[in-house]
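Only one structure is covered here, and it is reproduced in the block below.
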Amino acid sequence: MSDLRIPLPQRMARNVPTELLRSFVAIVEAGSMAQATETIFLTQSALSLQMKRLEDTLQQKLFRKDGRRLLLTPVGEELVTYARQILALNDQIVQTLGQDFDPDPIAVGMVQDFADTILPDVLGEFRLSHPRSRLVVRVGGSAELLDMFDRSRLDLVLCLGQHGDRPGASWSVVGHDRMTWIGDPAIAEREEVPLVLLEPPCRFRDAALRVLTKKRRDYRLVLETPNLPALRAGVRGGMGISCRTRHFAIAEGLPVITSGSLPEVPEIETILVQRNGLSDAAKDLGDLLRKAMSG
């Protein structure tokens, strides 16, 4: 009688969908499901369902609640490392082997001082190396841009005088520029100096008011605005003088006050903040920004 062996049923492999891992990492990096909705464009309820599906697939709890906060379990902490590795490999496969692949847009933010000076040349050089890349450029104040970076809305930020350690990101000083008084030099000779300044928070505003107060120089705020075009108009229209970088003065064709009638304002650092794990194209863009600031 022949020996008939019936094979034992093999355990069916379970696959973890990459879209669930991508949403999981987005929640971890954003800090909450509500914040993550701004980066992956799903509703909070859809994200919640995805995380339940991920937990069901792994048969493990990934999150625990601490009051209103959503914290990772030990398994969730371990999964973050694996998920990032899997997503990086997935993106590399698609980028290297995929046909007609349109990469995700690179979101970069910078202050107005550099948008009108270094940005055109940087974009021209970047286009030659990465013709298929798509950029999203946001121009704003340093505090606004860093807030968007913290909410995962930007990949790189070129800002002035602000940084601070950020989870999952790195920063470097890429340049120094001296703040300078700009406007009609005759206005600077007045006994009471009329000022055109941005609304707080603003490093230039703080520096201008601090040095004038320290030197006991009388001043009067004649125009306050949240945006640079209005500040430029106020200076160009002769309402008063302001304080910005030489980059800004040169780009806008505004006169720099060098008469010595006003106290000296300090230097300010230019900071490049970029997210870890960026694509090669995004890293190249960061290198071009760094090169432009050092040139």
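The values are calculated or read from the model by the stated rules, or taken from the named source; none is laboratory data. All of these numbers come straight from a predicted model, not from anything done at the bench. Methodologically, a virtual Cβ is constructed for each residue, glycine included, from the backbone with ideal geometry; neighbour enumeration extends over all protein chains shown.
One table, with the values for the structure above:
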{"item": "Pairs with Cβ under 6 Å, 6+ apart, first in the range 66-92 and within 17 Å of Gly168 (Cβ to Cβ) and touching a residue at least 40 places away in the same chain (Cβ under 8 Å), second part of a helix (DSSP H, G or I) and among the aromatic types (Phe, Trp, Tyr)", "result": "Ala83/Phe24"}
{"item": "Enumeration of residues in the range 174-192 that are among the charged types (D, E, K, R) and either crowded, with 21+ Cβ neighbours inside 10 Å or part of a loop (DSSP other than H, G, I, E, B) (or both)", "result": "Asp184, Glu189, Arg190, Glu191, Glu192"}
{"item": "Single unsatisfied condition, Asp121 versus (1) in a helix (DSSP H, G or I); (2) closer than 21 Å to Arg275 by Cα; (3) assigned by TED's automatic domain parsing to the domain that holds Ala282", "result": "(2)"}
{"item": "Any hit, the range 220-233, residues being surrounded by 15 or more Cβ atoms within 10 Å (Cβ to Cβ), in a helix (DSSP H, G or I) and in contact with a strand residue (DSSP E or B) (Cβ under 8 Å, 6 or more places away or on another chain)", "result": "yes"}
{"item": "Output for the range 163-210, where each listed residue is β-branched (Val, Ile, Thr), under 30 Å from the mean Cα position of the chain (by Cα) and over 24 Å from Ile118 (Cβ atoms)", "result": "Val196"}
{"item": "Tabulated pairs, the range 265-293, first of a type in the set (Lys, Arg), second at pLDDT 90 or above, C-beta under 7 angstrom, 6+ apart or interchain", "result": "Arg275/Asp155; Arg290/Leu272"}
{"item": "Residues of the range 124-173 classified as assigned to a helix (DSSP H, G or I), touching a residue at least 60 places away in the same chain (Cβ under 8 Å) and under 18 Å from Pro226 (Cβ atoms), total", "result": "2"}
{"item": "Residue in the range 234-259 that is farthest from the chain's Cα centre (by Cα), counting only those that are buried (at least 19 other Cβ atoms within 10 Å of the Cβ) and not hydrophobic (A, V, I, L, M, F, W, C)", "result": "Gly240"}
{"item": "Residues located in the range 93-123, provided they are in contact (Cβ under 8 Å) with a residue 24 or more places away in the chain, of a type in the set (A, V, I, L, M) and under 22 Å from Thr245 (Cβ atoms)", "result": "Val108, Met110, Val111, Ala115, Ile118, Val122"}
{"item": "Residue among Leu272, Leu209, Leu278, Leu285 that alone is among the hydrophobic types (A, V, I, L, M, F, W, C), over 22 Å from Leu146 (Cα atoms) and either touching a Gly at 6+ places or on another chain (Cβ under 9 Å) or not in a strand (DSSP E or B) (or both)", "result": "Leu209"}
